[in-house]
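Asks: Supplied in C-alpha cells, the structure appears directly below.
The values are calculated or read from the model by the stated rules, or taken from the named source; none is laboratory data. In this text the structure is predicted, and so the values were computed from the model without any measurement. With ideal geometry, Cβ positions are generated from the backbone for all residues, glycine too; neighbour counts draw on all protein chains shown. Heavy atoms of the whole protein, side chains included, go into the accessibility calculation; ligands, DNA and RNA do not. Shrake-Rupley method; radii C 1.70, N 1.55, O 1.52, S 1.80 Å.
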Amino acid sequence: MRAAEPSAPSSVSSTPSSGEARPPGPSPVRASFSRSGWTWLLTSCAAMVLVATGWPILAAVHHVHVAIAMVLAVGQAAAVPLAVRRPIPALLLSTAAALGTTLASDPASGPWPWPVTTLIAFILLVLVVALRHPWRIGAVAWCAGALVGGLGLALESSTAEAALSSATLSNAVVCASIAGGALAVGSALQVLLASRSQLDHERQLTAEEETKRRELQQRNRIAQELHDVVAHSMSVISVQATTAPYRLPGMDEPTRGEFDSIADSSRRALTEMRGLLAILRGDDAADTTPQPTIADIPQLVVTTRSSGAHVELEIDPELLPLGGVTTAGGTGVPGAPSAAGDWSAVVPPASGLTAYRVVQEAISNALRHAPGAAIRVQVSVGDQIGIRIANGPAARGGLVASPGAGLGLKGIRERVSALGGTVKAGPTPEGGFAVKVRLPL
C-alpha cells in the first residue's frame, strides 16, 4: 500500500498462474489426431475403395443381386473403420457380411467362399484389430474367419458332387494364412509401439526429474544467499539490540523499550526467515513450522506501534469475545488474543495466514511509501473475511519515502487469488492509499 503508487486493477482473476515449465511437445489436439485421427482417415479411405470395388465385383462376377451386393459390400467395408473403436460390433458386422456373401454368391463364379474384396476387407479388419486392441480380440476375429471358410467347405461338400473342391480348400487356407500373418504382424507392431511409448514416457519422467533437480539446486542457492545476506544481518541486529542496555549504561526506560522492540521484531523476522529457508530447501520440518494466523494481527499492530507508527485497529465486535481483543476506541494498544484457538474455529488456517500476510504487507508498504501517515486496519469476519488497510498522506517534517521493489501489491494479489478472493487497491480521496481484500471462508 503506497501513497504514490498508481492505481492497481480493481479486481483480481482467481486463476493462479503456474510457475512450472511444461516440456515441449505437440498440443493435445495434434497429439489426439496423431494417435487415432490418421487411423480413422486411412481406414475410411480403404472402406470407400472396398465399396467401390466390392459392389460391382459381387454383382457382375459372383452373380449376387445388385441390392444385396450393395448391402454386403457396405457391411464388409464399414467394419474396417468401425474396428478402430468398436472391435466387437465390427467383428459381428464383418462375420455377418462374410456369411451373407458365402450364401448369396455362386461357388462356380470365382474365388469362393472368400471373394477377393471380402478377403481384403477381412484381412484389413484383423490388422486394425491387432494394432488397436488386445491380441485376444484379433484371435477371435481370425477364428470367425476360419469358421466362415469351414462353412464354405461344408456347403460345397453337401452338393450333388459330394467332393471337396481343391479351389475352395485353397481359398480357405490362403485366407486363414494371410489373416494369421496380419494378426501376428499387427500384434508385434502393437508391442513395439507400446514399448516405444513407454520409453518416451520414461524419458519424459527423467526430463521432469532433471528439471525438478535443477529447481531444487536453484532453491538451495537462493536459500544460501538469503541466509548469508538477510539472516546474518538480522542476527546482528538482534544481538546489538539485545545487548545495547548492557553496552550502553545509563539508558533511560523509553530508549530501553525501543531497543527491546527492535530485538523482538528482529527475532520474529528470524523465525519467519528460518521457516522460509526450510521451505526453499525442501526440508521435511518446513510443514511443521508454526505460521502466523489472523489471531496474530493485534500483536502485529502492537509491534508496529512500538516503532512510533500511528496504527488504529478495528475488529468486528463479534470477534472480540473470541480473541479477547481490546482496541480502546481504536487508539489504544490492543492486547494479544487470549485464546487463539477460538479464532481457528472461525477462520481456516490458510485464510488466516493470508489475512495476516495481507495486513503485514499493507502496513509495511504504508510505512515505506507514506512515512508518518496514520494507518487504519479494519478486520471483519462474516460469510467471508473482510480486510481494509488505509493510510493518509505522508506527514510533512523531513520524512522521506523509502523505495520498494514493487512486489508488495503483486504478492497480495497472488496470495488472495490463490484462495479465490478479490483485491481492490488504489488512492483515496484524502490523498492516501487503501487496500480492500475479501477472502472466502
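Asks: Could you say whether any residue in the range 139-156 is out of contact with any helix residue (DSSP H, G or I) (no Cβ under 8 Å at 6 or more places or on another chain), of a type in the set (D, E) and either modelled with pLDDT of 85 or more or surrounded by 14 or more Cβ atoms within 10 Å (Cβ to Cβ) (or both)?
Replies: no
Asks: Quick check on this structure: which one of G323, G250, G282 is modelled with pLDDT under 85, surrounded by fewer than 17 Cβ atoms within 10 Å (Cβ to Cβ) and more than 30 Å from L216 (Cα to Cα)?
Replies: None of the other options fit; the residue is G250.
Asks: In the range 100-126, which residue that is in a helix (DSSP H, G or I) and farther than 18 Å from G75 by Cβ is modelled with the highest pLDDT?
Replies: Applying the filter and picking the extreme gives P107.
Asks: Okay, moving on. Give me the residue from the range 368-392 that is open to solvent by 70 Å² or more (accessible area, probe 1.4 Å) and under 21 Å from T428 (Cα atoms) and, out of that set, modelled with the lowest pLDDT.
Replies: Top of the filtered list is R368.
Asks: Exactly one condition in (1) open to solvent by 40 Å² or more (accessible area, probe 1.4 Å); (2) within 17 Å of P292 (Cα to Cα); (3) at pLDDT below 55; (4) not charged (D, E, K, R) is not met by V400; state its number.
Replies: Of the numbered conditions (1) open to solvent by 40 Å² or more (accessible area, probe 1.4 Å); (2) within 17 Å of P292 (Cα to Cα); (3) at pLDDT below 55; (4) not charged (D, E, K, R), the odd one out for V400 is (2).
Asks: Do you know which residues across the range 47-65 are of a type outside the set (G, A, S) and either closer than 11 Å to T117 by Cα or exposed (fewer than 14 other Cβ atoms within 10 Å of the Cβ) (or both)?
Replies: Within the range 47-65, M48, V49, L50, V51, T53, W55, P56, I57, L58, H65 meet the criteria.
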